[in-house]
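One structure below.
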Amino acid sequence: MANSNHHEKQILLVDSDEAFGQVLQQVLGAGYTLRRVPTVETAISQLDVKGVDVVLLNLDLPNGSSTVQDSRALLRAASERVAAPPVIAYSWNARRKTALEAVQQGAVDFLEQPLDIQGLKFALDGACRRATLARDLAAAQKFLCSAHVEGLLGNSEAMEQVNELIRKVADVFTTVLITGESGTGKGVVARAIHRLSPRADKPFVAFSVCAFPESLIEDELFGHERGAFTGATQTRRGRFEEAKGGTIFLDEIGDLALPLQAKLLRVLQERSLERLGSNLPQPVDVRVICATSRNLEKMVQEGTFREDLYFRISVLKIHMPPLRERGGDVPLLAEYFLRMFAKAHNKNARSLTSGFLSALARHNWPGNVRELQNVIERSVVLANGNEHLGLKDLPEELRGLTIDDEVPSGSFHEAVKTFKRELVRAALRTHSGNKLKAAKELGISRCYLHRLLNQLKITAEALAEDYEETLPPENTETRVRAEGLRLGARVA
């Protein structure tokens, strides 16, 4: 997003009351640029015209028998953007049901009218930080993964194979099945396939089967005609029609009920669908990508997943490895998340100590990349302004992993010597061999650090080799920083 003033928060106000927009701009004051549009339709058309940090949506728009449908359309349109502008909804109707529905449809916050200005500013500032984080995420991914598929981080052999498969299947118009545990990044792979495909300029529509009750999934996917059921006051397109010409991503396909599996199979075979309440086939021009964390082969054997549908959706398969099987990618991911969250939360965190990285390497990561991301964000937020994150900044369950393993054995003097050696090496690795910075972190003079290096027989080559083992050796940044250790140890 290109703002003329980086400090001005760009707010798209969706409200038909022109006077209200003028007053709101005055009371918000400097730092906020308000652009008002009177209808949801206009707001959707404005999302990509200029930079929008936050959308402020009035749920009480006049002539609004279709207000709920309109708001859903706006929330969906915003969520389809790569760096989606967050939506804050507000209404005179402060019932819990109204707020819950708005949040379920994608709003990041719900406010009650009359608006409390301080509360509104707090919500806007938080949403703007979220928007900035999304933009930085996209930019950082492009910077760190220029040699890989955009959005996928990792230099391990497993991720190289995933990158290669993505490039191969992107140009082929057939269904793809992405498998892997929860949190491994299956959705990222689906978006990468779409971005690299000839359909990249068409819609990408994501739909999670497990996020909706079974009774609503058919309507969500295939749409309905006016009068198809009580409350169907107008015709509504489903997700398949919204993805026309582009890609639809069906996440957790293993949770789809058997009757709906049959209907999905028919759509895939005939390339057409029928809305609820209609017998008129609608053509379907869409690429289908499915994902699951379940064992579909086993479900086929148990009779809970159709065999013919499984063969239809698994023409091409990509398996996302769990993080525990690509441990060499953990430091790269951790440093990437560190930079991302330090900027997003305006923190001073700049690097991760070897003790911090060692604890990450020992963890099994049952929650995969999503869990690692949460751990780094928590550590950055609670770091109390520290530039270098250490063991004390980790959650207790990870911090405890290093206690028993790091207690040296042998005599007291040998134990102290071992502890000193590891402490000095860790400080030097953190600062790429810079003795002045390492001494400052250890709270000792540079001269005393030189004496310790001689006493403990710590060589520049040993430091460089030790650091190269900490990060993936094929990583360019690792080689540069390792060479900096050798050079720094000789001249610092």
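The values are calculated or read from the model by the stated rules, or taken from the named source; none is laboratory data. Just so it is clear, the structure is predicted and the values come from calculations on it, not from any experiment. All Cβ positions, glycine included, derive from the backbone under ideal geometry; neighbour counts span all protein chains shown.
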When both residues are 6+ apart or on different chains and their Cβ atoms are under 6 Å apart, which pairs have a first residue that lies in segment 104-127 and is touching a residue at least 60 places away in the same chain (Cβ under 8 Å), and a second that is in a helix (DSSP H, G or I)?
117/27
Under the condition of being outside any strand (DSSP E or B) and of a type in the set (S, T, N, Q), which residue from segment 203-231 is nearest to residue 290 (Cα to Cα)?
215
Pull up segment 275-316, narrow it to residues that are charged (D, E, K, R) and touching a strand residue (DSSP E or B) at 6+ places or on another chain (Cβ under 7 Å), then point me to the one that is nearest to residue 197 (Cα to Cα).
287
Can you spot a residue in segment 192-199 that is in the same structural domain as residue 314 (by TED's automatic domain parsing), modelled with pLDDT of 90 or more and basic (Lys, Arg)?
yes
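For segment 221-232, name all the residues that are loosely packed, with under 15 Cβ neighbours inside 10 Å and either closer than 23 Å to residue 211 by Cβ or in contact (Cβ under 8 Å) with a residue 60 or more places away in the chain (or both). Explain how you work it out, then say what you get.
Applying the first criterion (loosely packed, with under 15 Cβ neighbours inside 10 Å) to segment 221-232 yields 226-227, 229-231.
Result: 229, 231.
Every residue, every condition in (1) surrounded by fewer than 18 Cβ atoms within 10 Å (Cβ to Cβ); (2) within 28 Å of residue 424 (Cβ to Cβ); (3) touching an Asp or Glu at 6+ places or on another chain (Cβ under 6 Å), yes or no:
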| residue | (1), (2), (3) |
| --- | --- |
| 319 | yes, no, no |
| 330 | no, yes, no |
| 364 | yes, no, no |
| 370 | yes, no, no |
| 381 | yes, no, no |
| 392 | yes, yes, no |
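Could you tell me whether segment 233-251 includes any residue that is touching a residue at least 60 places away in the same chain (Cβ under 8 Å) and in a helix (DSSP H, G or I)? Even if it seems obvious, please write down each step before you answer.
In the first step, residues of segment 233-251 are kept if they are touching a residue at least 60 places away in the same chain (Cβ under 8 Å); the result is 233-234, 236, 242, 249, 251.
Filter once more, so that each one left must be in a helix (DSSP H, G or I): 242.
Looking through segment 233-251, at least one residue is touching a residue at least 60 places away in the same chain (Cβ under 8 Å) and in a helix (DSSP H, G or I).
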Pull up segment 204-217, narrow it to residues that are modelled with pLDDT of 90 or more and surrounded by 16 or more Cβ atoms within 10 Å (Cβ to Cβ), then point me to the one that is farthest from residue 248 (Cα to Cα).
217
When you scan segment 182-194, do you find a residue that is surrounded by fewer than 17 Cβ atoms within 10 Å (Cβ to Cβ), touching a Ser or Thr at 6+ places or on another chain (Cβ under 8 Å) and over 13 Å from residue 250 (Cα atoms), even just one?
yes
Taking segment 78-97 and the residues there that are surrounded by fewer than 22 Cβ atoms within 10 Å (Cβ to Cβ) and touching a helix residue (DSSP H, G or I) at 6+ places or on another chain (Cβ under 8 Å), the one that is modelled with the lowest pLDDT would be 82
Residue among 378, 324, 312, 350 that alone is more than 30 Å from residue 53 (Cβ to Cβ), free of Cβ contacts under 8 Å to residues at least 60 places away in the same chain and either of a type in the set (D, E, K, R) or in contact with a Cys (Cβ under 8 Å, 6 or more places away or on another chain) (or both)
324
